[in-house]
1. Which residues, counting only those in segment 29-56, are crowded, with 19+ Cβ neighbours inside 10 Å and either modelled with pLDDT of 55 or more or assigned to a helix (DSSP H, G or I) (or both)?
2. I'm checking my understanding of the structure. Among residues of segment 118-135 that are farther than 15 Å from Ser164 by Cα and touching a helix residue (DSSP H, G or I) at 6+ places or on another chain (Cβ under 9 Å), which one is modelled with the highest pLDDT?
3. Here is a check on your reading of the model: is Glu165 in contact with a strand residue (DSSP E or B) (Cβ under 9 Å, 6 or more places away or on another chain), touching a residue at least 60 places away in the same chain (Cβ under 8 Å), surrounded by 19 or more Cβ atoms within 10 Å (Cβ to Cβ) and part of a helix (DSSP H, G or I)?
4. I need every pair where a residue in segment 139-151 that is over 11 Å from Ile62 (Cα atoms) has its Cβ under 9 Å from the Cβ of a residue that is not in a helix (DSSP H, G or I), sequence separation at least 6 or different chains.
5. Are any residues in segment 149-176 among the β-branched types (Val, Ile, Thr) and either under 14 Å from Glu132 (Cα atoms) or at pLDDT 90 or above (or both), and if so, which ones?
6. Give the number of residues within segment 139-162 that are surrounded by 12 or more Cβ atoms within 10 Å (Cβ to Cβ) and charged (D, E, K, R).
7. Out of the residues in segment 123-138 meeting the condition of being closer than 20 Å to Asp56 by Cβ and not aliphatic (A, V, I, L, M), tell me which one is surrounded by the most Cβ atoms within 10 Å (Cβ to Cβ).
Amino acid sequence: MSFIKTSENSFLKSAKTLLIASGALFAVAGAAPSASASGLDNITVNGFNFDFDSEDFLQRLIEMDNDDVAEMRAEFEEARAEIRDAIGEIGDARAEAAKSDDAKKILAVAMSEASEQVQETVQSAFNEVRAELDRAESELGDRRADVGEAEFAETSDIIAFLRSELVEFEVAIGELVSAMKA
């Protein structure tokens with residue numbers, strides 16, 4: 001009987017560890033810009049939809065103002081904070097799993113699989129955003145005379161801001177993936 005009880009305890013600990021790990025992964029999902037199931041072609045940050053199938057992506061960038069950029073910057077910072085929290089949750093899950101060899105094995109497999117999916121999905125999204133920012137920047141150059149120098153400079157700054165935020169977010173995701181693989 002005690003063997004069965006031990007197995008149940010081990011199973012329950014493993015299940016608890018997986019729930020903790022799942023909670024961390026859901027935090028990451030909430031932290032990342034939302035993406036449609038149809039292949040990351042519809043990413044939204046702070047109400048700004050990076051709808052890359054739309055012809056007016058550049059126009060929406062042109063229409064952004066300083067308040068929009070400040071709100072987006074705050075949302076990116078909040079997302080990075082949620083990623084840091086998820087890293088902490090992963091550490092907690094590892095500490096809990098350390099109490100059981102079975103739990104350690106289950107968590108290691110779960111984190112390995114999850115880290116690969118996070119890395120692939122986010123890298124795909126980052127590549128798509130970079131390509132669209134490149135396209136928008138090229139189109140902006142072509143429309144420079146039409147939009148005027150002040151709007152051209154402001155929109156160029158917004159594109160540069162988005163690129164820098166993307167790099168910072170990529171670093172945070174890299175830290176998350178490292179924590180998952182540890």
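The values are calculated or read from the model by the stated rules, or taken from the named source; none is laboratory data. Given the structure is predicted, the values throughout are model-derived calculations rather than measurements. Ideal geometry is used to build each Cβ from the backbone, glycine not excepted, and the neighbour counts take in all protein chains shown.
1. Ala31, Phe50, listed by residue number.
2. Among them, the one singled out is Arg135.
3. Values: in contact with a strand residue (DSSP E or B) (Cβ under 9 Å, 6 or more places away or on another chain): yes; touching a residue at least 60 places away in the same chain (Cβ under 8 Å): yes; surrounded by 19 or more Cβ atoms within 10 Å (Cβ to Cβ): yes; part of a helix (DSSP H, G or I): yes.
Considered against the rule, which asks whether it is in contact with a strand residue (DSSP E or B) (Cβ under 9 Å, 6 or more places away or on another chain), touching a residue at least 60 places away in the same chain (Cβ under 8 Å), surrounded by 19 or more Cβ atoms within 10 Å (Cβ to Cβ) and part of a helix (DSSP H, G or I), Glu165 comes out as yes.
4. As it stands, the answer is none, since no pair meets every condition given.
5. Step one: list which residues in segment 149-176 are among the β-branched types (Val, Ile, Thr), which gives 155, 158-159, 167, 171, 173.
Those that are among the β-branched types (Val, Ile, Thr) and either under 14 Å from Glu132 (Cα atoms) or at pLDDT 90 or above (or both): Thr155, Ile158, Ile159, Val167, Val171.
6. Selection size over segment 139-162: 6.
7. If we filter segment 123-138 for residues that are closer than 20 Å to Asp56 by Cβ, which is where we start, we get 128-138.
Then keep just the ones that are not aliphatic (A, V, I, L, M); that gives 128, 130, 132, 134-135, 137-138.
Values: Glu128: 17, Arg130: 15, Glu132: 19, Asp134: 12, Arg135: 13, Glu137: 17, Ser138: 11.
The extreme case among them is Glu132.
For (1) in contact with a strand residue (DSSP E or B) (Cβ under 8 Å, 6 or more places away or on another chain); (2) surrounded by fewer than 18 Cβ atoms within 10 Å (Cβ to Cβ); (3) not charged (D, E, K, R), each residue gets a yes or a no:
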residue	(1), (2), (3)
Leu61	no, no, yes
Val69	no, no, yes
Arg73	no, yes, no
Gly88	no, yes, yes
Asp92	no, yes, no
Ser100	no, no, yes
Leu107	no, no, yes
Val118	no, no, yes
Thr121	no, yes, yes
